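Chemist: Please read through the structure below; I'll follow up with questions.
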Amino acid sequence: MKLATLKDSTRDGRLVVVSRDLTRCSEVGHIARTLQAALDDWAHAGPRLARVAEGIETGSQPTMRFHEHEAASPLPRAYQWADGSAYVNHVELVRKARNAEMPASFWTDPLMYQGGSDSFLGPRDPIVVADEAYGIDMEGEIAVIVDDVAMGASVEDARAAIRLVMLVNDVSLRGLIPAELAKGFGFFQSKPSSAFSPVAVSPDELGEAWKDGKLHLPLLVSLNGKPFGRADAGVDMTFDFGQLVAHAARTRPLVAGSIIGSGTVSNKLDGGPGKPVSEGGRGYSCIAELRMIETIATGTARTPFMKFGDTVRIEMKDQTGHSIFGAIEQTVKRSEPS
């Protein structure tokens, strides 16, 4: 099934079940008004929502038109947002560009940081930034929403707790990251609000594309209407979502509605850095990775970060070419003085 949250006058919007083709939806306030409420009672709400989804497809369920631009992120705010770095190829390039050795533990122990989850952007909301000098970048990722996960859960139990899958634009301000990390206390100002896809999808809806805790389809990233990335999310993923969720729950339980991200989707090419889409490669899911490759190759990064007016689009399509999650499409906008 596919679930979305429509914007309304409340902070958390209202939950709807969406048709497979993303054209119609049904309000389900009689089951759960919000997605968080459904997740809090998933054992009862989940099967009822699934029946509504089935009714939409058979025509037995009343529907209304679904418009992606009216959707908030499926969870407009969440109790937990922890982002991993499952594509270690991406981390390896970051460190190589800095001439820094990568610890061997990075291949066996996931990197993860705790992001801000008090407010997420809608999938069509602008990315509002004060200064282009901050180094505005998109990061195309996959994320999962989990049910309650016990502290110390096994990888298998963690994988079984995954209820929904989404796409992410984890916005990064690259110009602020070095100084923040140099303090030794992690990201904060350099990681503004992220945006998630218009719909969240249950793993069973993904069919054979969802296997062993990975989503085996290309993540389509475009910048100003031109293909920028086509990286396969199931390839070069060192840690699957079961491992990432178990890592997050090692010393604490996770509550229903916690979101765990994959980190920037990244592919290698013949064991080395990838190539741009324009050169026959799979491209990149963030500008920083291309800049790292340019730095490694020539000593200088040539590609600029995003400017005011630039638009990024992140989407994933099934084998028949139909959008699965809807599209994240955001334009960078200068913040107005308050």
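Chemist: Across all directions of projection, what mean area in square nanometres is found for the Cα convex hull of segment 116-270?
Modeler: Quarter of the Cα hull surface area: 10.7 nm².
Chemist: With a point put 7 Å past each Cα toward its Cβ, work out how far R20 is from M102 in nm, to one decimal.
Modeler: 3.9 nm
Chemist: Give me the tail of P(r) for the chain as a percent: Cα-Cα pairs with distance above 24 Å.
Modeler: Of all Cα-Cα pairs in the chain, 53 percent lie more than 24 Å apart.
Chemist: With the contact rule set at Cα under 8 Å and sequence spacing of 6 or more, what percent relative contact order holds for segment 1-106?
Modeler: Relative contact order, segment 1-106: 27 percent.
Chemist: In Å², what does the accessible area per residue of segment 79-142 work out to with a 1.4 Å probe?
Modeler: 45 Å²
Chemist: Something else: At 25 °C and 0.890 mPa s, grab the translational diffusion coefficient of segment 183-338 from Stokes-Einstein with a Kirkwood Rh over Cα pairs, rounded to a whole number in µm² per second.
Modeler: D, rounded to a whole number, is 139 µm²/s.
Chemist: Report the per residue volume, in Å³, of the convex hull enclosing the C-alpha atoms of segment 31-115.
Modeler: It comes to 183 Å³ per residue, whole-number rounded.
Chemist: Here's something else I'd like to know. Based on C-alpha coordinates, I'd like the Rg and Dmax of segment 284-324, in Å.
Modeler: 14.5, 42
Chemist: Here is a follow-up. How long are the semi-axes of the equivalent ellipsoid of segment 1-48, defined as square roots of 5 times the Cα gyration tensor eigenvalues? Whole Å, largest first.
Modeler: Working through the eigenvalues yields semi-axes of 16, 15, 8 Å.
Chemist: Under 4 °C and 1.567 mPa s, how fast does segment 213-275 diffuse according to Stokes-Einstein, given a Kirkwood radius computed over C-alpha pairs? Answer in µm²/s, whole number.
Modeler: Answer from the Stokes-Einstein relation: 95 µm²/s.
Chemist: What is the Cα coordinate range of segment 71-129 on the first, second and third principal axes, sorted by size from largest, in whole angstrom?
Modeler: Computed over segment 71-129, the largest-to-smallest principal extents equal 42, 24, 15 Å.
Chemist: Next question, about the same structure. With the contact rule set at Cα under 8 Å and sequence spacing of 6 or more, what percent relative contact order holds for the chain?
Modeler: Dividing the mean separation by the residue count of the chain yields 22 percent.
Chemist: Something else now. With r as the distance between the Cβ atoms of T58 and D148 and R0 = 22 Å, compute the FRET efficiency 1/(1 + (r/R0)^6) and round to 0.05.
Modeler: Here the calculated transfer efficiency is 0.10.
Chemist: Provide the gained length on full extension for the span A37 to Y113, in nm with one decimal, where the gain is 0.36 nm per separating residue minus the Cα-Cα distance.
Modeler: Working it through step by step, the gained length comes to 24.8 nm.
Chemist: Still on this structure, please answer the following. For the modelled label position 7 Å from the Cα of R250 along Cα-to-Cβ, which residues of segment 138-153 have backbone nitrogen atoms closer than 20 Å?
Modeler: The answer is 144, 146, 149-153.
Chemist: Under a point-charge model restricted to the Cβ atoms of Lys and Arg (+1) and Asp and Glu (-1), what is the dipole moment magnitude of the chain relative to its Cα centre, in debye to the nearest 20?
Modeler: That gives the chain a dipole magnitude of about 500 debye.
The values are calculated or read from the model by the stated rules, or taken from the named source; none is laboratory data. The model shown is predicted, which means the values in this text are computed figures rather than measured ones. For neighbour counting, all protein chains shown are included, and Cβ atoms are generated from backbone atoms with ideal geometry for every residue, glycine included. Just the protein is used for accessible areas: all its heavy atoms, side chains included, with ligands, DNA and RNA removed. Shrake-Rupley method; radii C 1.70, N 1.55, O 1.52, S 1.80 Å.
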